[in-house]
């Protein structure tokens, strides 16, 4: 079942979009917090986004750009501001399509299905892991925090993705070494320690202090506080 994220501040329109798309077999969610849309996006991990332009606090162009920092997920703008300038702006900000209000629901569903076929028929959708305002895109291996991208090596990405997949749980050193063993280089205890320390320094420099905690003699953990 494809997941659809609806970012629309008109409650009537949002609920109708949810009702109609669910009738077509989608799992739909309407955005609740217009101050922090990317957090809801990350938590829901949708396959496609419907996005209005006129929104509280920040407009749809802003949020389109923020989502694009995290994911290649298809975005369709649904807006009454359908003049050429707004359509061009939407596409330049990373949107995949634009449909004007008022719209025919059958046309919108057709556009959604066409985008889903083009995006996911030949590849799996990106998955976003999030913790403490940090977003890890498992599709392209990028990490972002406070709107900035943090470069990761292949090993750093493997370590961090393993920890974030198990947030709130201790991950043993053996499990991390097993994940790293899938690379082409030999991994031993010392190599793991070096990689974790380098990753920690990189996270600290980006403002993610104490992101990875050590459980001596056992392994590492992220999100220990959230698990309490």
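Any read-out appearing in this document is the output of simple, stated calculations on the displayed coordinates, not a laboratory observation. Remember, it's a predicted structure, so these values are computed and weren't measured experimentally. Here the Cβ is made from the backbone with ideal geometry for all residues, glycine too, and neighbour counts use every protein chain on show.
Remarks
- On the basis of the beta-carbon distance and an R0 of 22 Å, residue 59 and residue 109 show a calculated FRET efficiency of 0.30.
- For the chain, share of DSSP beta bridges that run antiparallel, in % to the nearest 5: 50 percent
- Rounded FRET efficiency, nearest 0.05, which uses the C-beta distance separating residue 36 from residue 88 and R0 of 41 Å: 0.90
- Kirkwood hydrodynamic radius (C-alpha pairs) into Stokes-Einstein, segment 3-120, 10 °C and 1.306 mPa s, D in µm²/s: 113 µm²/s
- Between residue 177 and residue 118, the FRET efficiency estimated from the beta carbon spacing at R0 = 41 angstrom works out to 0.60.
- Simple label model, 7 Å out from Cα along Cβ direction - residue 188 to residue 153, nm: 1.7 nm
- Over the chain, relative contact order from alpha-carbon pairs under 8 Å, at least 6 apart, %: 13 percent
- Over segment 128-227, the alpha carbon radius of gyration divided by the compact-protein estimate 2.2 N^0.38 Å works out to 0.99.
- Cα long-axis angle, helix 105-120 against the chain (0 to 90 degrees, to the nearest 10): 30 degrees
- Principal-axis tilt of helix 11-23 within the chain, Cα atoms, nearest 10 degrees: 80 degrees
- All-pairs Cα distance distribution in the chain, expressed in whole percent, bin size 5 Å: 1, 6, 14, 16, 16, 13, 10, 9, 7, 5, 2, 1, 0
- Label sites at residue 215 and residue 146, each approximated as a point 7 angstrom past Cα along Cα to Cβ, lie 3.0 nm apart.
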